[in-house]
Amino acid sequence: MPDRFDTDVTTTCGYCGVGCRLEAHARDGRIVSISPALDGPANRGHTCLKGRFAHQFTRSRERLTAPLIREGGGFRPATWEEAITRIASEFGRIKAQHGPDAIAGLASSRATNEDCYAMQRLMRAAIGTNNIDNCSRVCHSPTSFAMRRAFGLSGATGGFSDIDFADAAIVIGANATEGHPVAGARIKQAALRGMKLVTVDPRRIELADYGALHLSPRPGTNAAVMLGLANVIARDGFVDGDYLAERTEGFEAVEELIALYPPDVVEGISGIPARDLEAAAHIYAEADDASLVWGLGVTEHRYGSEVVQLICNLALMTGKVGRPGSALLPLRGQNNVQGSSDMGALPDTYTQYRSVADEEVARAFEVRWGVPLSRENGLKIPEMFDAAVGGELKAMYIFGEDVAQTDPDTKHVVHALKSLEFLVCQDIFETETTKYADVILPASSFLEKTGTFTNAERRIQLVRPAIEPPGAARTDFDIITTLSRALGHDMGFETPEDAMREIADLTPHFAGVTYERIGRRGLQWPVAQDGTDSPILYGERFHLPGGRGRFAALPYKEPGDAADEEFPLILVTGRRLQHYNAGTMTRRTANLQLLDSDWLEIHPDDARRLGVADGAPVKVRSRVGHIQIEARLTERIEPGHVFTAFHFPEIRTNLLVGASADVNTSCPEYKVIAVAVQPVADRAGVPTLTAAAG
Ligand code: SF4
């Protein structure tokens, strides 16, 4: 008789924000294969090699299968009771001695909405602090900030199907065919069908080969490019005057500002030829419907949030928002970046981005949870690390995030983790971060849990377990609610679905969300009480007081780092198709056989000048650290720039990233790092590069 896991389960991919629906096939408690769900609204029967094949990590021998408690120089296995009691006791002690704000928590954009909701409730209600954040801080927090300012809501204005209706699209700072492959394939197919595609990226990404035009700006100059596009749109008479008058406010200041950025000026700043900038502006403005797509190449900059506001300006000027084919689509990084923030796992907002200082909202949560709640903003992730080093923050509870590998300024992060009196990590594997933990809790992967993810289209989709967590590992939801009870705050949730009922009760945009209504197609928030969802936003009004979209007059400013004599190259970091983020899951699958290391892309001209040979090791040095990595020569990158990913902990790319961050959201500037590259010499001082010597 087969048990309940000898079956086929429809679930949602746990890697990127496209949100492909998957059929997971399990036998004898193991995933044997995964196939695409034919009716998946985002993937329509397709997946990439991560969603389809990278599942063997679930039964890796390295999975955490029992709680671990630090003892002596290492860890020893412990029972759940012992681990939970120890955490409750330490959190209780620290709270009594230093107050609740001496403790901070990180929710995970890999986890479900219900996990993240429970985590922020634990920090706010059981601990008593707003020190809760999630890893969207280091990727798309600038998008959230900017879209709320320009339009009112933090989410894409449409969905991936808008690509099918668009006559043109500009893809800015997003290597979609590697980072979001199924969305990338949809863009590629649309381009093959005749959609005019413009790509804007310092590297000649794959999509550029399918586009009408590729613009390669100097890293850190996106703002100038957006202002230049706006200049040409205004100069050549493409501003939609009726739309401006009826639906927007603030264009006058923008009109004055963009006059300062004619194409020749922008060419001087960005390196993009003036005629190419003009052509791109015409492609966008002349199209009946055109969409704007962006990724971390826009957000992970010192002025990333301002660039997103400038992108929104383009749509407002031309009235290209709020109808099929004219969408603004931020490609969210991890599977639930959208949802973890929607759920209030942020230091300043409850669900639906409502301020913790909003008396009416805070009161509603107080009544429901039965505890007083703080009206003060908590700490953002970088502020948490600063506070730990400064001695004000004493304990952290980090789940599903390897901050010692993925966050910038690794030395500072490690210093912060070492400075804590007590660190709890909840994960599926030991990571760079768990090395500093006092207690490690074994958790569950997306193939082992129930709940929902919200994809980059604001689509809430069901997650179903195909297998059970290994050994004594438990679901994140179970662990968080159990710990909350041990801390004296019983959430009263039996299942994740109970949490979703509470979310719906307390969150107007989730009012009509039920698991039954989500079904196989998902629901795109806002979801009205009767279950009607919202595939397209802003058809009639923006979600701002007065209902008008807001322009932002923001000039170009130089990035936080710049090349100089000592550090003459600019490093841009990003992703590869085969691996995901810190590689914690994909490195434990056969994808490792496809790609087993990071490497540094460098233009042949730079390589020749520096004596760097293809395939040889180089030392890369920034103002804050250095790494050793293999160099590979490619003309897909412009001279003066180098590129690498950050999937392999042995390389530790983020040692190179400094403290520069987005001015509004503290999102790190991963995309502009001044570096020096030199061949690695042998003991006699001779470069280990025979080719370079010639
Ligand atoms: Fe998963 Fe993203 Fe690949 Fe789809 S495109 S299968 S969501 S990693």
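Every read-out reported here was derived from the displayed coordinates using simple, explicitly stated rules and does not represent laboratory data. The shown structure was predicted, so the numbers you read here are calculated from the model rather than taken from an experiment. Backbone-built Cβ (ideal geometry, glycine too); neighbour counts: all protein chains shown.
Take the alpha-carbon positions of the range 346-480, form their convex hull, and give its projected area averaged over all directions (one quarter of the hull surface) in nm².
10.0 nm²
Sort T481, T112 so that the residue with the fewest other Cβ atoms within 10 Å of its own Cβ comes first and the one with the most comes last.
T481, T112
Neighbour counts of other C-beta atoms within 10 Å: give me V675, V307, V9, V403 arranged from fewest to most.
Going from sparsest to densest Cβ surroundings: V9, V675, V403, V307.
Where does each of L192, L153, L328 land when they are ranked from fewest to most other beta-carbon atoms within 10 angstrom?
Result, fewest neighbours first: L192, L153, L328.
As an exercise, use a Förster radius of 60 Å and the Cβ-Cβ distance of Q189 and E376 to find the FRET efficiency, rounded to the nearest 0.05.
For Q189 and E376, the calculated efficiency is 0.75.
Using a simple spin-label model with points 7 Å from Cα along the Cα→Cβ vector, what separation in nm is obtained for T85 and D358?
4.3 nm
Okay, helix-only estimate at 222 nm for the chain: each DSSP H run of n ≥ 4 adds -39500 (n - 2.57), divide by all residues, round to 500 deg cm²/dmol; what do you get?
-8500 deg cm²/dmol
Taking Cα centroids, how far is the range 287-340 from the range 357-410 in Å?
Rounded to whole Å, the Cα centres lie 27 Å apart.
Determine the shape class of the range 190-267: with a ≥ b ≥ c the square roots of the Cα gyration tensor eigenvalues, call it rounded for a/c under 1.5, and otherwise prolate if a/b is greater than b/c, oblate otherwise.
oblate
Taking amide H positions as placed 1.01 Å from N in the peptide plane, with prolines and chain starts having none, which residues 5 or more places from I570, or on another chain, fall under 5 Å of its amide H?
When sequence neighbours closer than 5 places are left aside, the close amide H contacts are H641, V642, V675.
Just to verify a number: FRET efficiency for V663 and V32, C-beta to C-beta distance, R0 = 51 Å, to 0.05?
0.55
At 7 Å along Cα-to-Cβ for each site, give me the label-to-label distance between T532 and D564 in nm.
Placing both labels 7 Å along Cα→Cβ, they lie 5.9 nm apart.
Which log10 I(q)/I(0) values does the range 513-562 give at q = 0.26 Å⁻¹ under the Debye formula, counting every alpha carbon as one identical point scatterer?
Debye curve over Cα of the range 513-562, log10 I(q)/I(0) at q = 0.26 Å⁻¹: -1.01.
Give or take rounding to whole Å, what are the principal axis extents of the alpha carbon atoms in the range 82-163, in descending order?
53, 25, 20
So what are the three principal axis dimensions of the chain from its Cα atoms, in whole Å, longest to shortest?
For the chain, the Cα spread along each principal axis is 72, 67, 55 Å.
Sum up the charges of everything whose Cβ sits under 13 Å from the Cβ of L310, counting Lys and Arg as +1 and Asp and Glu as -1, but leave L310 out.
Counting the neighbours of L310, the net charge comes to +2.
For the range 370-436, which GluC sites (Glu not before Pro) are both in a DSSP coil and crowded by at most 15 other Cβ atoms within 10 Å?
E376, E392
How much length, in nm to one decimal, is gained on full extension between D236 and D164, taken as 0.36 nm per residue of separation minus their Cα-Cα distance?
Working it through step by step, the gained length comes to 23.2 nm.
If we count every other residue with Cβ under 14 angstrom of A190's Cβ, Lys/Arg +1 and Asp/Glu -1, where does the sum land?
+1
Evaluate E = 1/(1 + (r/R0)^6) for S597 and Y515, where r is the Cβ-Cβ distance and R0 equals 35 Å; express this FRET efficiency to the nearest 0.05.
My answer for the efficiency is 0.25.
Classify the range 11-134 as rounded, prolate or oblate from the Cα gyration tensor: take a ≥ b ≥ c as the square roots of its eigenvalues, call it rounded if a/c is under 1.5, otherwise prolate when a/b beats b/c and oblate if not.
Verdict is oblate for the range 11-134.
Can you list the HN-Hα couplings for the range 546-553, worked out from phi with the Karplus curve (6.51, -1.76, 1.60; θ = phi - 60°), rounded to whole Hz and with x for Gly and Pro?
x, x, 9, x, 10, 6, 10, 8
What is the distance in Å between the Cα centroid of the range 512-528 and that of the range 72-121?
31 Å
Over the range 293-397, what is the relative contact order in whole percent, taking alpha-carbon pairs under 8 Å and six or more residues apart?
Relative contact order, the range 293-397: 16 percent.
Quick one: how many lysine pairs in the range 346-459 have C-alpha atoms under 26 angstrom apart, if they're 8 or more apart or on different chains?
Going through the range 346-459 pair by pair, I get 10.
Please tell me the relative contact order of the chain in percent, rounded to the nearest whole number, where contacts are Cα pairs under 8 Å and at least six residues apart.
Here the relative contact order equals 20 percent.
Amide H of I637: which non-local residues (sequence gap of 5 or more, or other chain) have their own amide H closer than 5 Å, using H built in the peptide plane?
R204
Classify the range 98-218 from the C-alpha gyration tensor, please: rounded if a/c falls under 1.5, else prolate or oblate depending on whether a/b exceeds b/c.
Judged from the Cα gyration tensor, the range 98-218 comes out prolate (a/c at least 1.5, a/b above b/c).
Take the alpha-carbon positions of the range 606-666, form their convex hull, and give its projected area averaged over all directions (one quarter of the hull surface) in nm².
5.4 nm²
Stretch H98-V367 to full length: gain in nm at 0.36 nm per residue minus the Cα-Cα span?
Roughly 94.2 nm would be gained on extension.
Could you run the Karplus curve 6.51 cos²θ - 1.76 cosθ + 1.60 with θ = phi - 60° over the range 371-386 and give me ³J(HN,Hα) per residue in whole Hz, x for Gly and Pro?
Karplus values, whole Hz, x for Gly and Pro: 9, x, 10, 6, 9, 8, 4, x, 8, 7, 3, x, 5, 4, 5, 4.
For the range 153-267, calculate the relative contact order in percent as a whole number, restricting contacts to Cα pairs under 8 Å that are 6 or more residues apart.
Worked out over the range 153-267, it gives 19 percent.
Residue by residue, what Karplus-based ³J(HN,Hα) values in Hz, rounded to whole numbers, does the range 90-107 have, using 6.51, -1.76 and 1.60 with θ = phi - 60° and x for Gly and Pro?
5, 4, x, 4, 5, 4, 5, 7, 10, x, x, 6, 7, 10, 9, x, 10, 7
Loop only by DSSP, 15 or fewer other Cβ within 10 Å of the Cβ. Give me the GluC sites (Glu not before Pro) in the range 447-534 that pass, ordered by residue number.
E494
Say each of R464 and H543 gets a label point 7 Å from the Cα, pointing the same way as Cα to Cβ; how far apart are those two points in nm?
Label at R464, label at H543, 2.9 nm between them.
Any chance you could check the Cα centroid distance between the range 182-211 and the range 468-506 for me, in angstrom?
The range 182-211 and the range 468-506 have Cα centres spaced 42 Å from each other.
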